[in-house]
Each structure stands twice: as structure tokens, then as C-alpha cells.
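Read the structure below first, then the notes.
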Amino acid sequence: MNIKTAEFFNRGYEGPKYRIYLVSCLGSLAFSLVLVIANEASEIVSGAGLGTEIKWLALFIGICIISIACKKYTLNRTTAIAQKVVRRQRVELVDQLRHAELRCVEQMERGEIYARVVQDTELLSHALPNLVASLEAALSAIAIFIYMAFISLGGFFLAFGAIVFMNVLFISKYVKIKKTLRAARSKEGEFSDALDGVLSGFKEIKINTRKNNHLFSDIEILARTSERRKTEAEIAHDKNVVFAILLSQIVLGVIVFILPGYSPVYGTVITELVAAVLFLFGLTGMAIGGIFTITRANVAVENIELLKASITAFSSKTGKRAAADFSGFSTLSLASVFFKYTGKRDERNFTVGPVDFSIERGEVLFIVGGNGSGKTSLLKLLTGLYYPTGKGVIMLDDRPVLPARYQDYRSLFSPIFSDFHLFKKLYGIRNIDDKRLNSLLREMALDGKTEYRDGRFTRIDLSTGQRKRLAYITAMLGDKPVYVFDEWAADQDPEFRRRFYNQFLEDLRAAGKTVVAVTHDDRYFDRADRIIKMEDGNIISERRCRDS
């Protein structure tokens, strides 16, 4: 049985471990000595003087104190280590996610990511103390076995055979239990994804009763499937526990009622044997209970490793090097850029390009086309969120942008996509000008809706149009050379739609900013310097609206 949990914590904690090992071994030995001293003292102090009783009592209390102190130390240390390793693991996973490419997030199930980063790591936070407790129980059991061999070889072989048989039985079921737990954890991920659907699509299910009921039915099925899988694993484990109890009762029965009949010697040590067997099977029960937790933790470790592998498959191609400043470009070009989009689980394919077009600094470019024509995919290629498939390249002033420089290239843009996310904090913006921020809030008619206080917006649960205006404010404060708008005006009222084309775009043009906007508002096409039209992933026409 490969204990991935032990490997996980051994890799994750770089501090000294020898003290924990020593204290754990000392505590296991002390726990075993509690039984030995109790057995020996029960024979010696009977009829002995008060001085002898006090000596044995002091020895017993001393060993108990050592046992409890060692247990407290190992539990405290392993708990602290587990929490530290889990914290680092969570941060590392999020760090890997933030450095992954967009296609990674698009192709992975969001619920699966939540389940791995939150649920599996939470399970692992309890695994190390259980692992150490199981190892301590095993060490204590070995010591008690040695003690039993000294007092009765017959009792030793009987108990040893029962324990070996019980462990063989457990290991034989380990693979099945692990497989069942893995299936249950997978369903937990699907359940998290469905829950995210309830929250993200709340408006849609609230207005459509049939969709609401269908989604809830799906969630119920996922919950029941997860329940069934986990119950199967728990019952399989419980069978092992019950069998362990049965074996302990059988061994006790044999020691008390059968062994003394074969030899009168057993009658003199029967009390010691009974106490040893009770201790031994108690420790075995602790070990088995811990092993089940470790089995669940092993599944969690495997899930996390799979998540890491999936992220690595879409890892960023940008290297660690000094940042390059591309803000002084004059022309941005896409040269024979082609991209093949493969949906989740290969259910659909879509291609963009090959695309050839250039944007001059300070130009306002509109992209038009029907739904599904590839406009948003083109924006993702333009902003560097997608890498071109094949030999196509992005050029800045006739210099190709290499994959290692894509992050620097992306820094040119301030995009507001149709599925934009609005953060409460103004991340990435230094030296925030409160006066300008408040002026922009008033200009966007948001001064009565939200305010920026204590380093965050007090409210972002606004209408879609208001959220887009708040995103526009964030973009303006970022002050980037290129602004990208994906149907920004679509959710605005007539006043802000007019202002977007007549005022905002003109302000950006006057400031020397480059603007790329996806739009369907044909009445405002004359506000652009150029318009390109897309269809089936290709640019089918281009026309200039203003003279240079």
C-alpha cells in the first residue's frame, strides 16, 4: 500500500523531523510500558509494603506522564505542520492556476478545481495527525507483541496470527475501498460544479421552472451517487472494524477458556495475557481507523496531483526574465495568425484565421460580425490570451512577439470582455487618485451606487450596465496603451450608449490610446477609423471610415 499522504507531507515540510520521530517512538514505548508496569505491579504490590506500592505507583504515574506529554507534543506538532503544508499547497495551486493559460481554465471544470483546492486540501489537513497516530499505535503494538512473547508464546502466536489475518483481509479490500472513494470524490467535484451553476445561473433557473427543477434533479442524483459511494466505502471499512472486534473476542475466549486446559502454566499469566490482548486490539482498532482516513487522504493527494498535471499541460510559456516595455509601439500586427479551438472533451471545434491585419497606434478599430463569427476569439488572440496555432505571429513594429514575452505584451491591454469579472479591489493600480476616482464615479452616474472606501468598492452587485461602467472606471485608472471593449455598449441605456461612441471613444483617441471594440451599433460605425467584418472565423471585409 503506497502511502502517498506520507510522501505529500514529507515533500511539503522542509523543517527538521527527527524530533517528532524520536518523541513519537518514545511515546509509543511509554504507552506500551503502561501495560507492562500495570501487570507487573499488580503481582508485586499485592501484600507488599507501603514503600513498594509508592515506588511502583510513582513509576506508573511517571510513565503515564511521559506517554501523555509525548502524545500532546506529536499531536500539536503534526497538526501545525499539516496546516502549514496545506496552506502552502493551496497557495501553490492558486499560484499555478494564475500562471496557467486561459485554455486551462476554459477546459477544466470549475467545480473540480474548487473541490481539489478546498475540499481535498481540507481533508489533508487532518491526515498527518492520523498518520502519526496510526504509526504510534503500530509501534506500541510491536512492543506489546514482544511483551506477550515473553509471558506466553502460545498467546503471542495466537494474537499475532489474528492480527496478520486481519491486516491481510484489510489490504485485500484496500484497492476496492480506494476506488470507491475516488469515485465519490469525483462526484463531489461534479456536485460543486452544479452548485456553481445554481449561483451563476440563478436568474435563468428562477425564471424557468422546468430548467430549475431539471437542474435540481441533477443535483439530487449527484448527491445520492456521492452518498452511495461514500456509504459503500464506509461500510467496507466498518466490516473490517467489526471483524477486528470479532477476532479480539475470539482470541480472548481462546486465552481464557481453552489455553489453560492445555497447560496449567497459562493459568498463571492469564490476567497479563487478557490485558495485553485488550491493549493490542485497541491499538489495532486505532490503526485501522487511521488507515481509512489515510486512504481517503491518498485519494485526495492523487486528485491534487492530477489537477497539477492538468495545469502543467497548459502552463504559461512565458519565462522568468526582466520585463520588457512594449508601450512605445507604433504598429501592432497579426501576421497569418491561426487558432484552432477545441471545446471541452472535444465536443466541438472552431478555427479562427488565418488572420492578417494591423492596428496603428491611436487608431479606433471596430470589429463586427454575427454571433459565433469569431470576434471574441480574435480579441483573445489579439490580447495574447490565446497563442497562435502554427506559424502565425503577433508583430510589434515588425518585431515578432515571442511566447516568452507574451506576459509583457499582454500588459499593453486593458480589456473589458463580455464575460468580464469585477473585483472589489483595484488590484494592480498604484497611487490611486481619489479625486479622479470620485470624479469618474460621478461621470458614470455611480456615485450614489457605490464608493471606494477602505481599499475596496462598497458595492459591486449592480446592474450589468452599471457593472460595465465600473469596469470602465477601473480600465481608465489602469491607463494602458490599448483598450479592448467586447460589446461594452450593449447593456447601456441610450444616454451612456451615445456617450460611449461620442465622448468616451473620442477622449481615448485624444489621449493617444488605441481602441479595439466589438460592436453591433451600425448607427455609430462612423466613429471608427476602420471596421473589419468577421464570418466563420475569418475577416471577410475591411473598410476605412475616416481619413488618416
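The values are calculated or read from the model by the stated rules, or taken from the named source; none is laboratory data. Owing to the predicted nature of the structure, the values given are computational and were not obtained by experimental measurement. A quick note on method: Cβ atoms are made from the backbone with ideal geometry, for glycine too, and the neighbour counts reach across all protein chains shown. Note: areas computed on protein heavy atoms with side chains; ligands, DNA, RNA excluded. Shrake-Rupley method; radii C 1.70, N 1.55, O 1.52, S 1.80 Å.
Just a few scattered comments:
- Share of pairwise Cα separations in region 463-548, more than 14 Å, in percent: 68 percent
- Using R0 = 22 Å, the C-beta based FRET efficiency linking Asp491 and Arg523 works out to 0.80.
- Charge dipole (Cα centre; +1 on Lys/Arg Cβ, -1 on Asp/Glu Cβ; no other charges) of region 78-119 amounts to roughly 260 debye.
- Normalised per residue, the accessible area of the chain is 53 Å², obtained with a 1.4 Å probe and no contribution from ligands, DNA or RNA.
- Subtracting the Cα-Cα distance of Asp398 and Ser541 from their residue separation scaled by 0.36 nm leaves 49.1 nm.
- For a label point 7 Å along the Cα-to-beta-carbon line of Ala313, residues of region 85-116 with backbone N under 13 Å: 103-109
- Put simply, when 351-363, 13-25 are sorted by average Cβ atoms within 10 angstrom per residue, most first, you get 351-363, 13-25.
- Taking all protein chains together and rolling a 1.4 Å probe, His99 ends up with roughly 90 Å² accessible.
- Solvent-accessible area of Glu305 with every protein chain in place, 1.4 Å probe, in Å² to the nearest 10: 70 Å²
- Comparing Tyr18, Asn130, Ile68 along the charge dipole axis of region 1-157, the residue lying farthest to the positive side is Tyr18, per the Cβ-charge model.
- Between 0 and 90 degrees, the angle of helix 153-200 with respect to the longest Cα principal axis of the chain falls at about 20 degrees.
- Nonpolar atom fraction for the chain, defined as the carbon and sulfur part of the 1.4 Å probe accessible area, stands at 57 percent.
- Calculated mean residue ellipticity at 222 nm for the chain: -20500 deg cm²/dmol, from DSSP H runs with n ≥ 4 weighted as -39500 (n - 2.57), summed, divided by the residue count and rounded to 500.
- Distance (nanometres) between label positions extended 7 Å along Cα→Cβ at Asn167 and Phe243: 1.5 nm
- Per-residue accessible area (protein heavy atoms, 1.4 Å probe) orders Arg459, Arg98 as Arg98, Arg459, starting from the largest.
- Rh by Kirkwood over Cα pairs, then Stokes-Einstein D for region 399-548 at 0.692 mPa s and 37 °C, µm²/s: 194 µm²/s
- Against the empirical 2.2 N^0.38 Å (N residues), the chain has a Cα radius of gyration ratio of 1.42.
- Magnitude of the charge dipole for the chain, about its Cα centre and with charges confined to Cβ atoms of Lys, Arg (+1) and Asp, Glu (-1), is about 420 debye.
- Tensor-based shape of region 19-129 (alpha-carbon gyration tensor, a/c under 1.5 rounded, otherwise prolate or oblate): prolate
- Of Met108, Ser192, Phe145, farthest towards positive along the dipole that unit charges on Lys, Arg, Asp, Glu beta carbons give region 80-195: Phe145
- Helix axis angle, 127-151 relative to the chain longest principal axis, alpha carbon, degrees: 20 degrees
- The heavy atoms of Trp488 offer some 0 square angstrom of accessible surface to a 1.4 angstrom probe.
- Angle in degrees between helix 209-253 and the longest Cα principal axis of the chain, rounded to the nearest 10: 20 degrees
- Principal axis dimensions, largest first and in whole angstrom, of region 86-152 by Cα: 68, 19, 15
- Gain on full stretching of the segment that runs from Thr464 to Glu360 - 0.36 nm per residue minus C-alpha separation: 34.3 nm
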